[in-house]
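*Asks:* I'd like to ask some things about the structure below.
The values are calculated or read from the model by the stated rules, or taken from the named source; none is laboratory data. The model shown is predicted, which means the values in this text are computed figures rather than measured ones. Using ideal geometry, Cβ is built from the backbone for each residue, glycine included, and neighbour counts are taken over all protein chains shown. Accessible surface is based on the protein model in full, side chains and every heavy atom, while ligands, DNA and RNA are left aside. Shrake-Rupley method; radii C 1.70, N 1.55, O 1.52, S 1.80 Å.
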There are 2 protein chains.
Amino acid sequence: MNVARILKDKGRSVITLTPDVTVRQVVETLAGERIGALVVCDADRRVAGIISERDIVRILAANGAAVLDQPVSHYMTKEVRTCTERDTVDWLMEEMTAHRFRHLPVVEGGRLIGIVSIGDVVKQRIAAAELEAASMREYIATG
Amino acid sequence: MNVARILKDKGRSVITLTPDVTVRQVVETLAGERIGALVVCDADRRVAGIISERDIVRILAANGAAVLDQPVSHYMTKEVRTCTERDTVDWLMEEMTAHRFRHLPVVEGGRLIGIVSIGDVVKQRIAAAELEAASMREYIATG
């Protein structure tokens, strides 16, 4: 089970913003699209950063409401971990658990082609474990 | 596998605030404690509401920075779904997926005794499915 399979189920559209938009625009987009994180890309669709709901709460706590008028580039995470279509669900789960983040942009040839969330990973992992258990139950019943 | 078992692993301490605190205090507590949601309780430790990181982003988008100075009671979710120690992990997962929330306060005798997150539920569910698969692999290998 790998990232290509997850993208096949959920699609490859990703909502992105450019580094110059304000934190207020990020907040409005997160709320309007009902998503937990936004990837910030340059004009060539290369990943420049990522910012999550959790980041918004953290920077508001640290800096107050003035952050809303500042560009997202000041506050986004710039060292973005990414994955490729060939990475496995098990690897994603370890990566997300070890580094405590919930979203991994999928990059091929330097360009953003999708995003995978912890929810997507969990859904696949549970499905795989339950499928294995069911096929073994059948094997035991008919063996 | 039930809620009592999850609380045995993660403990029963829950960070709560009172309904009169400001949204700014909520933001600071969420960030300081590195948690995703806060339960709002009255003096008797009865659940009065719940507010999450996602709620903060949503109310900021709808109302602007002025919300930070207003009491959390204006913005918290007041119809709080809760669970008890006897509820199963499968039931929690269905409840969380169906209603799209990530935290369920645990209530006994009308009082808050813990909180369960989607992360806790997922961890238990994956562990249970993997345990079943492993025990069947052993059964098949030795059978």
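*Asks:* Mind listing the long-range amide H neighbours of residue A:115? Cut-off is under 5 Å, sequence gap 5 or more, other chains count too, H placed in the peptide plane at 1.01 Å from N.
*Replies:* Hits under the 5 Å cutoff: A:106.
*Asks:* Sticking with this structure for a sec: Would you work out the relative contact order for segment B:8-88, in percent, from Cα pairs under 8 angstrom that are 6 or more residues apart?
*Replies:* The normalised contact order for segment B:8-88 reaches 32 percent.
*Asks:* Run through the other copies and list how far each one's label point is from that of residue A:84, in nm with one decimal, shortest first; the point sits 7 Å from Cα along Cα-Cβ.
*Replies:* 5.3
*Asks:* Any idea what the residue A:13 label distances to the other copies are, label 7 Å down the Cα→Cβ vector, nm, shortest first?
*Replies:* So the distances to the same position in the other copies read 4.5 nm.
*Asks:* Using the alpha-carbon atoms, what tilt in degrees (0 to 90, nearest 10) does helix A:23-33 show relative to the longest principal axis of chain A?
*Replies:* The two axes meet at around 40 degrees.
*Asks:* Continuing with this model, one more query. Rounding to the nearest 20 debye, state how big the charge dipole of segment B:1-76 is about its Cα centre with +1 on each Lys and Arg Cβ and -1 on each Asp and Glu Cβ.
*Replies:* So the magnitude is around 420 debye.
*Asks:* Counting only pairs 8 or more places apart or on different chains, how many lysine pairs in the protein assembly as shown have C-alpha atoms closer than 27 Å?
*Replies:* So the count works out to 11.
*Asks:* Something else now. At residue B:142 and residue A:74, where each label point lies 7 Å from the Cα along Cα→Cβ, what is the point-to-point distance in nanometres?
*Replies:* 6.3 nm
*Asks:* In the neighborhood of residue B:117, defined by Cβ-to-Cβ distances under 11 Å, what is the net charge if each Lys or Arg adds +1 and each Asp or Glu adds -1?
*Replies:* With Lys, Arg at +1 and Asp, Glu at -1, the neighbours total +2.
*Asks:* Still on this model: Along Cα→Cβ, 7 Å out, is where each label goes; now give me the distance between the ones at residue A:108 and residue A:81 in nm to one decimal.
*Replies:* Distance between the two pseudo-spin positions: 2.3 nm.
*Asks:* With an 8 Å cut-off on Cα pairs and a minimum separation of 6 or more residues, tell me the relative contact order of chain B in percent.
*Replies:* About 27 percent, as a whole number.
*Asks:* Relative contact order of segment B:89-143: what whole-number percent is it, with Cα pairs under 8 angstrom and at least 6 residues apart?
*Replies:* 29 percent
*Asks:* Divide, for the protein assembly as shown, the radius of gyration over alpha carbons by 2.2 N^0.38 Å, where N is the residue count.
*Replies:* 1.11
*Asks:* Show me you know the interface measure: the accessible area buried between A and B, both chains summed, probe 1.4 Å, in Å² to the nearest 100.
*Replies:* 2600 Å²
*Asks:* Can you pull out the GluC sites (Glu not before Pro) in segment A:18-67 whose DSSP state is coil and whose Cβ has at most 13 other Cβ atoms within 10 Å?
*Replies:* Here no GluC sites (Glu not before Pro) fit, given the DSSP loop and packing criteria.
*Asks:* Sum -39500 (n - 2.57) across every DSSP H segment of at least 4 residues in the protein assembly as shown, then divide by the residue count to get the 222 nm mean residue ellipticity, nearest 500.
*Replies:* -14500 deg cm²/dmol
*Asks:* Hey, what do the phi angles of segment B:111-124 turn into as Karplus ³J(HN,Hα) couplings, whole Hz, using 6.51/-1.76/1.60 and θ = phi - 60°, x for Gly and Pro?
*Replies:* 10, 5, 10, x, 9, 10, 9, 4, x, 5, 5, 5, 4, 5
*Asks:* Something else: To two decimal places, what compactness ratio does segment B:27-78 give when its Cα radius of gyration is scaled by 2.2 N^0.38 Å?
*Replies:* For segment B:27-78, the normalised Cα radius of gyration comes out at 1.12.
*Asks:* Could I ask something else about it? Using a label point 7 Å beyond Cα on the Cα-Cβ vector, give me the inter-copy distances for residue A:73 in nanometres, one decimal, shortest first.
*Replies:* Output for residue A:73: 4.5 nm, nearest copy listed first.
*Asks:* Taking 2.2 N^0.38 Å as the expected size of a compact globular protein, what ratio does the Cα radius of gyration of chain B give against it, to two decimals?
*Replies:* 1.24
*Asks:* Counting only the backbone N, which residues of segment A:76-104 are under 18 Å from the spot 7 Å out from the Cα of residue A:45 toward its beta-carbon?
*Replies:* A:82-86, A:104
*Asks:* Explain nothing, just compute: Karplus ³J(HN,Hα) = 6.51 cos²θ - 1.76 cosθ + 1.60, θ = phi - 60°, for every residue of segment B:79-95 in order, whole Hz, x for Gly and Pro.
*Replies:* Those phi angles translate into 8, 8, 6, 10, 9, 10, 4, 8, 5, 8, 4, 4, 5, 4, 4, 5, 4 Hz.
*Asks:* When ligands, DNA and RNA are left out and all protein chains stay put, how many square angstrom of accessible area per residue does chain B have with a 1.4 Å probe?
*Replies:* Normalised by residue count, the accessible surface of chain B is 52 Å².
*Asks:* Angle check, please: helix A:53-63 long axis (alpha carbons) against the longest principal axis of chain A (alpha carbons), in degrees 0 to 90, nearest 10.
*Replies:* With rounding to tens, the tilt is 30 degrees.
*Asks:* Also: Considering only protein heavy atoms and a probe of 1.4 Å, how much of the accessible area of chain B is carbon and sulfur, as a whole percent?
*Replies:* 49 percent
*Asks:* Mind telling me which of A:29, A:88, A:97 comes out most flexible in a GNM of chain A, alpha-carbon contacts under 10 Å?
*Replies:* Between A:29, A:88, A:97, it is A:97 that shows the largest mean-square fluctuation.
*Asks:* Right, here's the next one. Please report how far the C-alpha centroid of segment B:72-143 lies from that of segment A:106-131, rounded to the nearest whole angstrom.
*Replies:* For segment B:72-143 versus segment A:106-131, the Cα centre distance is 22 Å.
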